[in-house]
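The values are calculated or read from the model by the stated rules, or taken from the named source; none is laboratory data. What you see is a predicted model; the values in this text were computed from it and never measured. Don't worry about glycine lacking a Cβ; one is built from the backbone with ideal geometry, like all the others, and counts go over all protein chains shown. Each accessible area value is taken on the protein alone, full model and side chains, heavy atoms only, with ligands, DNA and RNA left out. Shrake-Rupley method; radii C 1.70, N 1.55, O 1.52, S 1.80 Å.
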Amino acid sequence: MELKRDKEQDAEFEKITAAVLKSHTGEFDLESILFLKFRCLGIHDLGCIGECMNLERLDLSGNNITSLSALSSLRLLCVLNLSSNRICNLEPLHGCESLQNLNVAGNFISSTENLHCLQSLRKLENIRLKDNTYNYSNPVCRSASYRATVLEMFPHIKVLDGERVVGRGSDLYQLCKDIDDTIKAASYKNGQIMEHHDCKPWVEENYWDIKRSNNAIVEEAYKQFNDVLHECRLLNNRATHVISQTERSMSLKKQPKQYAI
């Protein structure tokens, strides 16, 4: 009897119902829900999520979703994360006219024709179809002309697969580069390097620690910031490894050749 009850609860949890939405957010009225995070919960049926008419941010990554039809009514949705699911058809997103940021890396999108339905979304500026950090991709990304075709289809987007369309590197890279250039410019006077004394940290100790909050919106912002920090750490580890390998390779090339006499 107890096993049967557990199975029924699991089956209900795989589908998003009004009861699940209310218990997860603490909101009695579905139209009051502004953001949702259902990550890695085995969800395959979006159920009544379309009744959250004022939803602005939605994270459904790491589930078993195949159909997006329930999302077509979410006209105020700005940020949507559908990475690591089983999606091959994006047509329902045509109705999400406020969409700015879309992540569908790690799905079954087979060709750029599947993206035509997104061309009417004038506010869309960030699209991710692959994510090298987590090894997420789509079959369409294997094409040699993939990037050029997507950029031609969406001439107004600013970021594709985490990389700036205009300029060099990612937003984070550009920010760090601007900071470095500013520091270097301030370090020179009349062509001479100036000595700096009493250097102090930019922020106080524990400034970047994630703080807990009773405000649901603030708490969600902290979670998203923590995710960004985690991704930065992963990228830093990979960069350190690549630099180390490159330096080792260069040092071996510089070593003089020895000949036996």
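Answer yes or no as to whether TYR134 is over 17 Å from LEU80 (Cα atoms), of a type in the set (Phe, Trp, Tyr), surrounded by fewer than 18 Cβ atoms within 10 Å (Cβ to Cβ) and out of contact with any Lys or Arg (no Cβ under 6 Å at 6 or more places or on another chain). Step through it out loud before you land on a result.
Details: over 17 Å from LEU80 (Cα atoms): yes; of a type in the set (Phe, Trp, Tyr): yes; surrounded by fewer than 18 Cβ atoms within 10 Å (Cβ to Cβ): yes; out of contact with any Lys or Arg (no Cβ under 6 Å at 6 or more places or on another chain): yes.
Judged against the criteria, TYR134 is a match.
Tell me, please, whether a residue that is of a type outside the set (Phe, Trp, Tyr), closer than 19 Å to SER83 by Cβ, modelled with pLDDT of 95 or more and outside any loop (DSSP other than H, G, I, E, B) can be found in segment 23-33. Talk me through it step by step, then tell me what you get.
If we filter segment 23-33 for residues that are of a type outside the set (Phe, Trp, Tyr), which is where we start, we get 23-27, 29-33.
Filter once more, keeping what is closer than 19 Å to SER83 by Cβ: none.
The answer is no, given that none of the residues of segment 23-33 is of a type outside the set (Phe, Trp, Tyr), closer than 19 Å to SER83 by Cβ, modelled with pLDDT of 95 or more and outside any loop (DSSP other than H, G, I, E, B).
Within segment 113-135, how many residues turn out to be over 19 Å from the mean Cα position of the chain (by Cα) and closer than 14 Å to ARG147 by Cα?
Matching residues across segment 113-135 total 1.
Among what's in segment 56-76 and is open to solvent by 50 Å² or more (accessible area, probe 1.4 Å) and not in a loop (DSSP other than H, G, I, E, B), pick the residue that is farthest from TYR136 (Cα to Cα).
Looking at the filtered set, the residue picked out is SER69.
Does any residue in segment 132-156 that is at negative phi and of a type in the set (S, T, N, Q) come within less than 6 Å, Cβ to Cβ, of a residue that is open to solvent by less than 90 Å² (accessible area, probe 1.4 Å) and modelled with pLDDT under 95 six or more places away or on a different chain, and which pairs are these?
THR133/GLU231; THR133/LEU234
Name, by its number, the condition in (1) out of contact with any strand residue (DSSP E or B) (no Cβ under 8 Å at 6 or more places or on another chain); (2) in contact (Cβ under 8 Å) with a residue 40 or more places away in the chain; (3) surrounded by 15 or more Cβ atoms within 10 Å (Cβ to Cβ); (4) of a type outside the set (A, V, I, L, M) that does not hold for ARG164.
It is condition (2) that ARG164 fails.
Output the number of the condition that HIS116 fails; it satisfies all remaining conditions of (1) under 23 Å from ASP45 (Cβ atoms); (2) open to solvent by 70 Å² or more (accessible area, probe 1.4 Å); (3) assigned to a helix (DSSP H, G or I).
(1)
Does segment 37-55 include one or more residues that are closer than 23 Å to ARG122 by Cβ, crowded, with 17+ Cβ neighbours inside 10 Å and touching a strand residue (DSSP E or B) at 6+ places or on another chain (Cβ under 6 Å)?
No, segment 37-55 has no match at all.
Listed here are the residues, each with its yes/no results for (1) over 20 Å from GLU31 (Cα atoms); (2) touching a Cys at 6+ places or on another chain (Cβ under 7 Å).
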{"residue": "SER67", "(1), (2)": "yes, no"}
{"residue": "LEU71", "(1), (2)": "no, yes"}
{"residue": "ARG75", "(1), (2)": "no, yes"}
{"residue": "ASN85", "(1), (2)": "yes, no"}
{"residue": "SER98", "(1), (2)": "no, yes"}
{"residue": "ALA105", "(1), (2)": "yes, no"}
{"residue": "PHE108", "(1), (2)": "yes, yes"}
{"residue": "CYS117", "(1), (2)": "yes, no"}
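Would you check if there is a residue in segment 155-170 being among the polar types (S, T, N, Q) and modelled with pLDDT under 95? Can you show your working first?
Taking segment 155-170 as the starting set, the residues that turn out to be among the polar types (S, T, N, Q) are 170.
Now restrict to residues that are modelled with pLDDT under 95: 170.
Checking segment 155-170: at least one residue is among the polar types (S, T, N, Q) and modelled with pLDDT under 95.
Exactly one of (1) open to solvent by 20 Å² or more (accessible area, probe 1.4 Å); (2) closer than 21 Å to LEU58 by Cβ; (3) part of a loop (DSSP other than H, G, I, E, B); (4) not charged (D, E, K, R) is unmet by ALA105. Its number?
Unmet for ALA105, out of (1) open to solvent by 20 Å² or more (accessible area, probe 1.4 Å); (2) closer than 21 Å to LEU58 by Cβ; (3) part of a loop (DSSP other than H, G, I, E, B); (4) not charged (D, E, K, R): (1).
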